[in-house]
Amino acid sequence: MIPKIMIILGSGSDIAIAEKSMDILEKLEIPYSIKIASAHRTPNLIREIVKQGTDAGIEVFIGIAGLAAHLPGTIAAYTPRPVIGVPVDVKTGGIDALQSIVQMPYPSPIATVGIDRGDNAAILAAQFIALHDDELRQRIINLRKEYAEKVKQSNEDIIQKIDKKFIQNDFLRIKDLEIKKPIVVENEVSSKNGDAEVVIIVGRQTDMATAKKVTVILDRLKISHDTKVVCPIRSNRKFTNYVKSMKNAKIFIGISSNSSQVTGGIVGLTDRPIIGVPCTNENGDDYMLTTVSMPPGVPVATVGINNGKNAAVLAGEILSISNPEIVGLLDKLKDKKINL
Ligand code: C2R
């Protein structure tokens, strides 16, 4: 059986993080391959593994590495397939590896997940593949229900058992934490292109400059898109209704500053992959950490700060798994950049 995902570790010492990925892939019943190769120590081996893997039919690569983690970027140099990067905490809490992986130049994005989040890398890879595999999509939905169930269970296992005199937890109407889903009023929020494949949500008007970079590249890749400025904190109902009304959306791109509520908000409303573009604010603070550091079960594929163009290229790479025409258009984009 040809595997769909290839995991490459920079060293055998990264195996504990790869085990988190493997546990998820086993649960989701996705065939995968796993290899150890280093961009620094064995560059030729990386090239061969990645080229041969791509030719054989690998759909998504996962690169796991610590320190100056150039491994995922090197994988991306040899394949048109999407590459997911997992930074490993070896030194500096993994921040060195995170920065090396996420801050890739255009047009070579790495879909970066949080430090040591091998589990989220596998879920993200599965989400990419599920765009053309409905049975896998259902298995992902079921897996996410397990994470939700765990929250409920913790209330019973931990909170219910606390024995303190002044705790009053039984004053709410909901008794068993079985709450109804919010009522969605479809088409309450207008969209220019309700059938769009890629939906771009921007948290505030100031970040529209980054959204513009996304749309310019999506147009070149002939990918349909819709953009909305809507904040999940200031206009929660509108935000929910907009996300829910975009029924054909295959990928969401969230563009956001501060606490990255946009990407975090979309995650709870869809099982489709989410790309996060962290922005800088007026003081020059950036919000990469608040975008990428998602808990297990809910990945956000983070690209570099303000790098809207890489978000679009990543969306193109994901969609190109089942649409070879986009591979050709991506090639043109890359050649053009090199010729500049
Ligand atoms: P050793 O334990 O083998 O010394 O490796 C590995 O991923 C590992 O986390 C220590 C750390 O170095 C990382 N490494 C890279 C690369 N190759 C190895 N970041 C690379 O090519 O990017």
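The values are calculated or read from the model by the stated rules, or taken from the named source; none is laboratory data. Source: prediction; values computed, not measured. We place every Cβ from the backbone using ideal geometry, glycine too, and count neighbours over all the protein chains shown.
For the range 2-33: of the residues being among the hydroxyl-bearing types (S, T, Y) and in contact with a Gly (Cβ under 9 Å, 6 or more places away or on another chain), which is farthest from the ligand (Cβ to nearest atom)?
That would be S33.
Mind checking whether some residue in the range 107-123 is out of contact with any helix residue (DSSP H, G or I) (no Cβ under 8 Å at 6 or more places or on another chain) and more than 18 Å from P299 (Cα to Cα)? Walk me through it before giving the result.
Filtering the range 107-123 for residues out of contact with any helix residue (DSSP H, G or I) (no Cβ under 8 Å at 6 or more places or on another chain) gives 120.
If we keep only those that are more than 18 Å from P299 (Cα to Cα) as well, we get none.
No, the conditions are met nowhere in the range 107-123.
Per-residue answers, yes or no, for (1) crowded, with 21+ Cβ neighbours inside 10 Å; (2) part of a helix (DSSP H, G or I); (3) among the hydrophobic types (A, V, I, L, M, F, W, C):
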| position | (1), (2), (3) |
| --- | --- |
| T79 | no, no, no |
| M104 | yes, no, yes |
| D119 | yes, yes, no |
| A122 | yes, yes, yes |
| H132 | no, no, no |
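Which condition number in (1) more than 8 Å from the ligand (Cβ to nearest atom); (2) surrounded by 22 or more Cβ atoms within 10 Å (Cβ to Cβ) is the one that I36 fails?
(2)
If the Cβ limit is 8 Å and pairs must be 6+ apart or interchain, which residue in the range 262-275 that is in a loop (DSSP other than H, G, I, E, B) and surrounded by fewer than 24 Cβ atoms within 10 Å (Cβ to Cβ) pairs with which residue that is among the small types (G, A, S) and modelled with pLDDT of 95 or more?
Close Cβ pairs (under 8 Å, with a partner that is among the small types (G, A, S) and modelled with pLDDT of 95 or more) amount to T270/A249; D271/A130; R272/A249.
Among the residues of the range 51-69, count how many are under 19 Å from G118 (Cβ atoms) and either of a type in the set (A, V, I, L, M, F, W, C) or more than 19 Å from the chain's Cα centre (by Cα) (or both).
Step one: of the range 51-69, the residues under 19 Å from G118 (Cβ atoms) are 53, 58-67, 69.
Now restrict to residues that are either of a type in the set (A, V, I, L, M, F, W, C) or more than 19 Å from the chain's Cα centre (by Cα) (or both): 53, 58, 60-62, 64-67, 69.
Qualifying residue count, the range 51-69: 10.
Restricting attention to the range 214-228, does a residue exist that is under 14 Å from G265 (Cβ atoms) and of a type outside the set (F, W, Y)?
Yes.
Would you confirm, using the coordinates I've provided, whether F239 is part of a strand (DSSP E or B), more than 15 Å from T206 (Cβ to Cβ), assigned by TED's automatic domain parsing to the domain that holds V303 and in contact with a strand residue (DSSP E or B) (Cβ under 9 Å, 6 or more places away or on another chain)?
No, not satisfied.
Read through the list (1) of a type in the set (S, T, N, Q); (2) within 14 Å of T79 (Cβ to Cβ); (3) near the ligand (Cβ under 8 Å from one of its atoms), then give the number of the only condition that Q52 fails.
Tallying (1) of a type in the set (S, T, N, Q); (2) within 14 Å of T79 (Cβ to Cβ); (3) near the ligand (Cβ under 8 Å from one of its atoms), Q52 fails exactly one: (3).
If I ask for residues that are within 21 Å of I318 (Cα to Cα) and either in a strand (DSSP E or B) or in contact (Cβ under 8 Å) with a residue 40 or more places away in the chain (or both), which ones from the range 55-71 would you list?
A56, G57, I58, E59, V60, F61, I62, G63, I64, L71
At pLDDT below 95 and of a type outside the set (K, R): does that describe S293?
Answer is no for this residue.
With respect to S260, is the statement that it is in contact with a Cys (Cβ under 7 Å, 6 or more places away or on another chain), assigned by TED's automatic domain parsing to the domain that holds Y287 and hydroxyl-bearing (S, T, Y) true?
Spelling it out, it is not the case that S260 is in contact with a Cys (Cβ under 7 Å, 6 or more places away or on another chain), assigned by TED's automatic domain parsing to the domain that holds Y287 and hydroxyl-bearing (S, T, Y).
Can you find, within the range 276-296, the residue that is nearest to P87 (Cα to Cα) among those that are surrounded by fewer than 18 Cβ atoms within 10 Å (Cβ to Cβ) and among the small types (G, A, S)? Give the derivation first.
Keep residues of the range 276-296 that are surrounded by fewer than 18 Cβ atoms within 10 Å (Cβ to Cβ), which gives 280-286, 289, 293, 295-296.
Pick out the ones that are also among the small types (G, A, S) and you get 284, 293.
Working: G284: 24, S293: 11 Å.
Out of the qualifying residues, it is S293.
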